[in-house]
1. Take segment 114-133 and flag every residue that is under 18 Å from residue 85 (Cα atoms) and surrounded by fewer than 16 Cβ atoms within 10 Å (Cβ to Cβ).
2. Name every residue in segment 4-19 that is surrounded by fewer than 16 Cβ atoms within 10 Å (Cβ to Cβ) and in contact (Cβ under 8 Å) with a residue 40 or more places away in the chain, in order of residue number.
3. What are the pairs, 6+ residues apart or on separate chains, where a residue within segment 114-142 that is part of a strand (DSSP E or B) has its Cβ under 7 Å from a residue that is exposed (fewer than 11 other Cβ atoms within 10 Å of the Cβ)?
4. From 55, 59, grab the single residue that is out of contact with any helix residue (DSSP H, G or I) (no Cβ under 8 Å at 6 or more places or on another chain), in the same structural domain as residue 22 (by TED's automatic domain parsing) and either under 17 Å from residue 149 (Cβ atoms) or not in a loop (DSSP other than H, G, I, E, B) (or both).
5. If I filter segment 95-113 down to residues being in contact with a helix residue (DSSP H, G or I) (Cβ under 7 Å, 6 or more places away or on another chain) and assigned to a loop (DSSP other than H, G, I, E, B), which single residue comes out as nearest to residue 72 (Cα to Cα)?
6. Looking at the structure I just gave you, is residue 110 closer than 30 Å to residue 125 by Cβ and surrounded by 12 or more Cβ atoms within 10 Å (Cβ to Cβ)?
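The values are calculated or read from the model by the stated rules, or taken from the named source; none is laboratory data. As the structure is a prediction and not an experimental result, all values here were calculated from the model. Don't worry about glycine lacking a Cβ; one is built from the backbone with ideal geometry, like all the others, and counts go over all protein chains shown.
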């Protein structure tokens, strides 16, 4: 079982609905149209549409499994004094004094552009259950990094 935010759940449900009600029917229409053009052995449009159908069916199956095993986390039950899922963590990189802020999210919600890192990432794993003022060392591709937790809020 995997926990996620209500926002993350809603995004996955919306994507699944879009795939099932809009994208897949459009793909099936494209396959029908291409099939009507005759010889399938050299029909590029038919083969491309079939590949797209396979991709869509794979994504639909994946999303269904994720949603089947996911639970929306009740943020009122989460502790606010230590880092956990959905915590927004402000920290300082002690190696170069750079400030950064990340929200710890489920792997399906992780998006670095939005400042959300997966709970399974090395940085999130090092931060879990730590409190404000704690310093953690994390091995990242660039080497060892020391991070000092400045503030923790709930997303």
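1. Correct list: 114, 115, 120, 122, 125, 128, 129, 131, 132.
2. Of the residues in segment 4-19, the ones surrounded by fewer than 16 Cβ atoms within 10 Å (Cβ to Cβ) are 6-7, 10-11, 13-15, 17-18.
Residues satisfying the conditions are 6, 7, 11, 13, 15.
3. Matching pairs, first to second residue: 131/81; 137/144.
4. Working: 59 fails: out of contact with any helix residue (DSSP H, G or I) (no Cβ under 8 Å at 6 or more places or on another chain).
When all the criteria are applied, what remains is 55.
5. 106
6. Yes.
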